[in-house]
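Worksheet: the structure to be examined is printed underneath.
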Amino acid sequence: MHNDKKDSELIAEYYDKYEQKLYRLSYAVLGDIWQAEEAVQETFLKVIRYRNMIKRMPEEKRSAYITKTARNIAVDMYRKNKRDKEAVCSLQGDDDSSELADNILWSHADPSVKSNMADEVENRQLITGILGRLSDDDALVLQLRIVRQLSVRETADLMRLTEAAVRKKYERAVKRARKLLMKEMMLDGE
């Protein structure tokens, strides 16, 4: 019983110390409040599960271990979201934004506005399809840099890479995405 109290106090101490940092990291990867909170919760479940090993670690290793665990959980959730979205999109014809679709279907705007909205939906579908065909790392680096608008340094911290590696990975991912886009556009033109 005495050991359980010590363990719960230790977990509470870890929670107080790391929760905000882990939340910010998870939110940066996932871009969703609820999923970021879920990632933090999953991280602390692992901390509880491996508490005996973690409490024997020196502080800097403990911090790195807990942070890396949260990062891995968030990246796994991101990848799962990507797979789930691809599955739903293929079933629903890639209804990327219901609000945008509603605007297209129900707006009484002039034909040029409707055409612009339709083009936007088509472009989103095309980009979503291309991201789905890239590797997880390529899609993640593009997501973090372009969609989340993180700096090279922030992206490097999240992906546990050097800034130079992120720049190169980003450059290569953009090249691959462009190549897929060109191929897709050529197929549409035939």
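A short reminder: the numbers here are calculations on the coordinates, not readings from a lab. In this text the structure is predicted, and so the values were computed from the model without any measurement. A quick note on method: Cβ atoms are made from the backbone with ideal geometry, for glycine too, and the neighbour counts reach across all protein chains shown.
Below are the figures for this structure:
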{"read-out": "Net +/- balance of residues flanking Val152 in space, Cβ distance below 12 Å, scoring K and R +1, D and E -1", "value": "+1"}
{"read-out": "Likely footprinting exposure, Glu13, Glu154, fewest C-beta neighbours within 10 Å first", "value": "Glu13, Glu154"}
{"read-out": "Pair Gln20, Asp32: separation of 7 Å Cα→Cβ label points (nm)", "value": "2.6"}
{"read-out": "Which of Ile73, Ile54 has the fewest Cβ neighbours within 10 Å, and the rest in rising order", "value": "Ile54, Ile73"}
{"read-out": "For Tyr14, Tyr23, order by how many other beta-carbon atoms lie within 10 Å, fewest first", "value": "Tyr23, Tyr14"}
{"read-out": "Above-threshold pairs, the threshold being 21 Å between Cα atoms, out of Lys6/Lys46; Lys46/Lys82; Lys46/Lys80; Lys68/Lys168; Lys82/Lys168", "value": "Lys46/Lys82; Lys68/Lys168; Lys82/Lys168"}
